[in-house]
Structures are given as C-alpha cells and as structure tokens.
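Following: one structure in structure tokens, then a few remarks.
The values are calculated or read from the model by the stated rules, or taken from the named source; none is laboratory data. Quick caveat, the model's predicted, so the values are computed rather than measured. Cβ coordinates were reconstructed from backbone atoms using ideal geometry, including for glycine residues, and neighbour counts include every protein chain displayed.
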Amino acid sequence: MNLFPESNTVENHALNSDSDFKSIVDISPYPIFIHRGGIIKYANQLSKKLIRADTDEDLTGVNIAQYCHPEDLARLGEAVQKVHATRISDVLDFRLVDRDGNVKRIQSRSTGINFGGELCRLVHIYNFDQIKQAEEEAHQKGVLIDKLIEVLPDSLLVINSVTRKQIYNNNSFVRSLGYGPEDYEKEGDEFDLLSKKIHPDDMPRLITARDFVNAPANTGKLITTEYRVLNKAGEWRWILGRSCSLMPAENGIGRINFGIVQDITEIKANQSELLNYRNFQEKINSTSPVLVTIFDISKLTSVYRSQDMAQWFNYSEEDFPEKTIDLIHPEYRAEAIETIMNVTKLRDGEIQSTVFPFIAGDGSIKFILTRATPFQRDESGHVTHTLSAHSDITDLKEIESKLDKSEETRKAILYAIPDMVVIADTDGIIADYYPNALDQLDFEGVSLIGKNLTKVLNEKNYINVMELIKKTIEENKLHSYTFEQKAKGKTYYFELRIGPFSANEVIILTRDISDQKTTQNKIDHYNKELFEKNQELERYITSNSELEKFAYIASHDLREPLRSLTGFAQLLQKRNQGQLTRESEEFIENIIQGAQRMNTLVSGLLEYSRITSVGKPFAHVNLSDLIKKVRSDLKISIEENKAEFLLFDLPDIYCDELQVRQLFQNLISNAIKFRSDNAPIIKISADKNDRHWLFKVEDNGIGIDMKFKDQVFQIFSRLHAQDKYQGSGIGLSVCKKILERHGGQIWLESTPGRGTTIFFTILI
C-alpha cells in the first residue's frame, strides 16, 4: 500500500524556486522534509536529528513509511488519502520510530509545492512528546509563575470592558511610575489613575485599540499600542500596551480584557539611537572606501562580500571571478595564500595586515590593504573562515613611490654637494648628517646621529656655533661662521652656514675652504706685490713723463743751436772755399758731420719720447694692406737692394696703425741695411696663441752674436761703426716701446752670417 500517492495539485506560494524552498527548510526551527509519493527529496538537519540519521543518504531517497510505527501505518494512510482528496491538511498524529528504535509521538502538517520540476509535499513535524513535556513543566511551574508575576516590572491588568473595573492588577507598573496607594485610592484604583495620566495626543490611538479588542469578531486577537503616561516626577514615559479579549464577563455584561503594560522609554530611546546608527551606518556603507569579505579557507573563496565589490574592481556581476584569490596578481598569489593560512594561526581578535596588487576588470592594478582576523572555527577550534576588510591604497602607493623618489633625489643631492650637511637641535644634538667629502675630519666612519656637536667642534668653536644656532632660531634667518680647526695633524679652514630648519632645529652646511683660504692668502700676497709694483710704476710713469718732457724740451732746445752750428760751418766752408788749408777744411767737415749726427740723435730722441704721448686711438687694421704701404715708403731702398718678400697669411689686428706701420718699417729697413752679399729675402708670418698674435720677421742678413740679443733693444745702442752702417741706433728701441704700448714683447734669434729672426707679440 502506497501511503503517499503522488500529488497533482500545488497550493499557491510566493516561493517559486528550489533554492527558495531549501532556504526555508534549512532555517526552520522544526524538522521539515519534502517528499514525493513518500520518497524524501530533501530534509533539514533537524529531520536528520529526529530520526538520528548519520548521513544524508539515511533520509534522502528513503520512503518515510519505514520510520512510521507499524500500528499507525493504516491510520496514517487514511489521513494522507484525505489530504489528497480534500486538499485540506489536518494535523496528523502518529508515532515515529528512529534508527535507534526509540518511539516518538509526532504531529505534522503538509502542503503541496513544485520542487525539482515535480509536484511534491512539504511536511512540518512537531515532536508531541516535547510539547507534552513542556506542558507538564509549565504546570509544575505554575505556582512559581504566579509569584513571579507579582514582582514583574510589567503591569498585568484584567479589566471588564463595560464597567471598566479592574479584576486583577499586580501593581508593579504604578509602582515603577512612582505612584502609591495614597495616589490612586482617592482616584478609585490603579486603572483609573493611569487613565488620567495618559498624554492627550495618544488618547485617539488608545480608543481605537480598545474598540478593536471589544469587537466580538476580534476575540483572542492581540493588539499592541504605544502611548505616553505622566509619572509622579512629571516626566512623560513611553508605554507599550498589549491587550486582547478572550471571554465574556461572568455576569454577561461586557468582556474580560487582558493587558500587559510595559515601560519602554529606554527602549524607545535605544530604538531612536539605533535608527540614527542605522542611518549613519547606511551612509557609512555607501561612502566607505572599505569592503568586507568572509573568506572560506578550505575553498579559497569568499562566502560573503560587500555588494559593490564587483563595481569596486570594475567588473560586472557576471564576470566577477568566483574565487577572490583570482583577483590577486598571479605573481603574488602563492604569497597571498600563505598569508591567508597565517591568519588561521592567530588568536581571536588578532589582526594581520597585508598589501597585494589586485587586477581590476579593466586591466589596471589596484594596491589593496587587507586587514584579516579569524571569524569562525570548527568544533576542534581550527579557523574555517576569516573576516577581512579591504582598502584601496593605490593612490597612497603612488604617493609613497613619489615620496621615495623624492627622498632618493634629496639624498642624492645632499651626497653630491661638497658640503657636510648637519641637522641639529638647539641643544646641539645631531638628528641627521651627510659627511660627503669632508673625510679629513676625525669622525670618519663613526655615526654622529644622536651625538652632540662637541664630537666635531673644539670648545671655542662649539660655543660660538651654539650662540649662532640660538640666534638663527630666534631671528629665523641665515648666519655664517668661519673658523679653523686641526684634524689629522693639519690645520683646516671651514665656513659654516646655519639656517632655520624647524621650530627647534637648524640645518648646518659646512664647507672646507682650506684651498680657498690658501688661494686668498696668495691673492693677498700678490695684491701686496701688485700694490708695490703699482707704486713703482707710478714713480716710473712720473719719471718717464718727466723724461718725455725733458726729451721734448731738450730736443727742441738742442736742434736750434745745431742748425745754427751747421749753418755757420757750411757758410764758413762756402766763403773760404779754396783758401783754407786741408786740415781746416777737415775740421769744418767734421763740425758739419757732427752737427748732423747730433741732429739725427735729437730727432730720434724726440721720436722715442712721443710714442706714448702722441699715440693714436686703436682700430682694426689689415696687415696685408699695411705692409703694402711700408713697401711703398721703402720703394727706393727695396729696388736698389733687390729685396724679395715672402708674406704668409697675415691677420687683422687691433692697434695704432701709424705706430705698427713704423714698427714694420724699422724691421724691414734693418733687414735691408744689414744684408749679406746675397740679395735680401724677407719673410713675414703670424701664428695665433691664446691671447696674442705671434709675428716673425726673418731675413738672410749678416746676423748678430746672441750675446748682444738684449743690448740691441736699448736706446742709442750700436754694434757697428757709424761710417759702415749709418743710423741713430734707436730703431729697435722704438719697436720695443711701440709693442709695450700694444701689450706685447719683442726678442730675436740670430746666427752670425746666416740671418736674424725678430719675434714679437700683439694682443688679440
């Protein structure tokens, strides 16, 4: 006999999926199972516990009839047939035999559902033995409950709805409001007292509740009402009243109303606070940058995650990875799994923080800070689930990276500069330092952080530096200090530049200026020498100026007598021509020649003295053109001596054109004058040095002995007899003076019989 025929009807239900039904079955506080034709399709844990099943297979796929007591099978079958025929599910009483042979009295109700694509029955089971046991325990405790009612903080009222007389009151509520017999005896009873203390705004609500309770159709129905009552201290207290009407009054007039009155002022306050908290929490959740997940250790995936987690990682819900671990960058997953396992070793309340790169849906990398803690343990105490809070710190990582680069740049700069950098406070304690190139000091290789400046400064310098540190902080401006200090057996000179760094710290740049000090000393020495030479030069200039004046005056004063002497001698020679003895004529001739030589010397002296005083302004001059003019001036001499010229690339120079023209004229004249038996060959060339043009004027003349190389540049110096080589002996001295005016020098190299090379320089 099939006790459970297959059902063809399904009652209306809001649930429309197997998962919905399974959820209801799983969370029910009663044993529930779903069957088709008596074959169990699904059962909750309480059902398994009821029959003492060890596995799902002990119920799923099993005919429920095998657990029914044999004597109740027929009665159970009739009841099931009635349910299918009338679609009315009565309470079925029968005995169940569990797997251990224990007999249990059971009550059940069922309803038709669509489960697994089939028409099935969902059965609720109640353990009748437990209910009966509870009733007996309640009866045994009845006396105790009566006593407890007397001390409950809630007021229990039994009232006749018509006469409005209280039948029972445990007095607890009026006592909680501060009222005593002296307050309600003159008013009637507690009910009368409370009725007059109700807030006027709440009276309509209470009248509506009273009418509902007294309506015959609502017998046994409970109604709950909240209202305010004034206590004896004058404070409004919130009251929760629950009331119902269960039976007519004994005299047939009115109905008996039962009510429980409870002071819920604190609860209302807590509810208000909770509402505010929930509103606040909702706002926090909607704006919080933190996501929450509950992680299953065994499955390596999240069994719960914040709703917007997919959106947070730029995924659609459909594409979001099933396993949360798959979000982590592949290179870090093994490490991430290891850190997850480390959480299982923590005690409850301990937190582990980690940072890993996560791959977002758009391929970008997000750095996620995760704080994890044990959340759930199994019966043996092993962690099965962890609770994690995730924060996106990508921006912070970028800032941290920039800061790291900035710090690296700062350190590179500090290490690159030649100065020792020290950060110290007003007590002279060193917070940081960069020694750099100052390895000559005694603290090389020794850490100075946390040490006092006395480690690097002697007592005198330390006192002075500390005073400057104080002034720097007070005045908030830079101060400098130069000092000398001995280190490694040598005296060093240092310059300190002390600047404000913070409210009580300064930054000190220490530079080794020993070389600078040595250079400065040399400069001071050279300046002293230069000063002395300048004084000499001034004396020389004064003397030379006076010499020039003397030479000019002398030449003018001398030339007039010389002209007179020459003129009278020539007149005497002319008038007495043929009358004088041979000796007298020689005397007169010597007088005339001597006067002429004297005139030549005076002219040379005048020319020499005027080189500086009557020089022309400098200008850019093309030397090739200038040499052409010189050759034109010396045309007769050049042609008579058949002189040849070799001119190499000659530059443009910045000079006094007339004086440089005289310079080349003197040099070329000398090359022709002091010729050898061969025709003169004159070479003129120029080379460029750093600051000068170096000129060479070469000839193939008679040359001179190098022992006279300096003498030839002295004024009126002659190496040959007047009758052999005419001249005043002033030509090369004039050249030297011209070159001195042009910032240059002149010298020669010569080999007797082979020629002479004149070298001279002119500033570029």
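Which one is modelled with the lowest pLDDT among residues in the stretch 65-122 that are surrounded by 14 or more Cβ atoms within 10 Å (Cβ to Cβ), in a helix (DSSP H, G or I) and of a type in the set (Gly, Ala, Ser)?
Only one residue fits best here, namely Ala79.
Give me the pairs, please: first residue somewhere in the stretch 465-482 and under 12 Å from Phe501 (Cα atoms), second residue anywhere and surrounded by 11 or more Cβ atoms within 10 Å (Cβ to Cβ) and hydroxyl-bearing (Ser, Thr, Tyr), beta-carbon distance under 9 Å, and either six or more positions apart or on two chains.
Cβ pairs passing all conditions: Ile469/Thr426; Ile473/Thr426; Leu478/Thr472.
Looking only at the stretch 107-117, count how many residues are at negative phi and in contact (Cβ under 8 Å) with a residue 40 or more places away in the chain.
Residues in the stretch 107-117 being at negative phi and in contact (Cβ under 8 Å) with a residue 40 or more places away in the chain: 5 in total.
How about the stretch 237-258: which of its residues are surrounded by fewer than 17 Cβ atoms within 10 Å (Cβ to Cβ), of a type in the set (D, E, K, R) and modelled with pLDDT of 60 or more?
Across the stretch 237-258, the qualifying residue is only Arg242.
Tell me the residue from Gly61, Gly37 that is on the phi > 0 side of the Ramachandran plot and touching a Pro at 6+ places or on another chain (Cβ under 8 Å), please.
From the options Gly61, Gly37, the qualifying one is Gly37.
Might you let me know whether the stretch 700-713 holds any residue that is closer than 21 Å to Ile627 by Cβ and either surrounded by fewer than 19 Cβ atoms within 10 Å (Cβ to Cβ) or at pLDDT 90 or above (or both)?
Among the residues of the stretch 700-713, at least one is closer than 21 Å to Ile627 by Cβ and either surrounded by fewer than 19 Cβ atoms within 10 Å (Cβ to Cβ) or at pLDDT 90 or above (or both), which makes the answer yes.
Is it true that some residue in the stretch 26-41 is assigned by TED's automatic domain parsing to the domain that holds Asn114 and assigned to a helix (DSSP H, G or I)?
yes
Is it fair to say Phe568 is modelled with pLDDT of 90 or more and either part of a helix (DSSP H, G or I) or closer than 29 Å to Thr761 by Cα (or both)?
So Phe568 does not fit the description; no.
Of everything in the stretch 278-319 that's aromatic (Phe, Trp, Tyr) and not in a helix (DSSP H, G or I), which residue is modelled with the highest pLDDT?
Filtering the stretch 278-319 for residues that are aromatic (Phe, Trp, Tyr) and not in a helix (DSSP H, G or I), the one modelled with the highest pLDDT comes out as Tyr315.
Please pick out the residue among Asn590, Asn599 that is in a helix (DSSP H, G or I), modelled with pLDDT under 75 and surrounded by fewer than 12 Cβ atoms within 10 Å (Cβ to Cβ).
None of the other options fit; the residue is Asn590.
Report yes if Glu273 is among the charged types (D, E, K, R), surrounded by fewer than 16 Cβ atoms within 10 Å (Cβ to Cβ), under 60 Å from the mean Cα position of the chain (by Cα) and modelled with pLDDT under 80, otherwise no.
When the stated conditions are applied, Glu273 passes them.
Looking at the stretch 1-20, which of its residues are outside any loop (DSSP other than H, G, I, E, B) and either modelled with pLDDT of 75 or more or of a type in the set (Ser, Thr, Tyr) (or both)?
Asp18, Ser19
Just a yes or no: is a residue in the stretch 57-64 in a strand (DSSP E or B), without any contact (Cβ under 8 Å) to a residue 60 or more places away in the chain and of a type in the set (S, T, N, Q)?
Yes, because at least one residue in the stretch 57-64 is in a strand (DSSP E or B), without any contact (Cβ under 8 Å) to a residue 60 or more places away in the chain and of a type in the set (S, T, N, Q).
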